[in-house]
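Please read the structure below before turning to the comments.
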Amino acid sequence: MSSSPSADEIVADKFLEVRAKLLEIAAVLDRVDRTAGENGLDDAARQKRAALQAGIDIVASEGSDRAARLQMLYSREYHADWRETFGMTSS
């Protein structure tokens, strides 16, 4: 029976992959911020940028439920009539 990897093993195994993702995120935000300084952001882009920042804040926070909180941040609120809303009613 194999045991779960230790925290040290997870960090060692995932470090380069996660570092690359963080660099990609930082590069995108740098491009947004540079061009926003020149042209500003429209309302939709400003809301999306704020949602990205809220996600970054969750990732930077403490706890072992960051993935769940991040998923909830980007999820729609449940509505019982969602099928009708999205035109998915059966004929």
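The values are calculated or read from the model by the stated rules, or taken from the named source; none is laboratory data. Since the structure is predicted, the reported quantities are computational estimates derived from the model, not experimental observations. Virtual Cβ from ideal backbone geometry, glycine too; neighbours counted across all protein chains shown. Accessible surface areas use protein heavy atoms only, side chains included; no ligands, DNA or RNA. Shrake-Rupley method; radii C 1.70, N 1.55, O 1.52, S 1.80 Å.
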Q) What chymotrypsin sites (Phe, Trp or Tyr not before Pro) in region 5-85 are in a loop by DSSP, with at most 15 other Cβ atoms within 10 Å of the Cβ? A) Tyr74, Tyr78
Q: Would you please give the residues with an amide H less than 5 Å from that of Leu41, counting only those at least 5 places away or on a separate chain, with H modeled from the backbone geometry?
A: none
Q: For the chain, report the convex hull volume of the alpha-carbon atoms normalised per residue, in Å³, without decimals.
A: 201 Å³
Q.
For region 31-91, which trypsin sites (Lys or Arg not before Pro) pass both filters: DSSP loop (anything but H, G, I, E, B) and at most 14 other C-beta atoms within 10 Å?
A. Arg76
**Q.** 3J(HN,Hα) from dihedral phi, region 27-38, Karplus parametrisation 6.51/-1.76/1.60, rounded to Hz, x for glycine, proline
**A.** 5, 5, 5, 4, 4, 4, 5, 5, 6, 5, x, 7
(Q) Can you give me the % of accessible surface on region 1-65 that is carbon or sulfur? Probe 1.4 Å, all protein chains present, nothing else counted. (A) 58 percent
Q: Obtain the radius of gyration and the Kirkwood radius of region 36-78 from its C-alpha atoms and give Rg over Rh.
A: 1.10
Q.
Could you derive backbone 3J(HN,Hα) for region 63-70 from the dihedral phi with the Karplus parameters 6.51, -1.76 and 1.60 (θ = phi - 60°), listing whole Hz in sequence and x where the residue is Gly or Pro?
A. x, 9, 10, 4, 4, 5, 5, 5
Q: List the longest stretch of the chain that has no exposed loop site; here a site is one of the GluC sites (Glu not before Pro) assigned by DSSP to anything other than H, G, I, E or B, with at most 11 other Cβ within 10 Å.
A: 1-61
**Q.** Solvent-accessible area per residue for the chain (1.4 angstrom probe, square angstrom)
**A.** 89 Å²
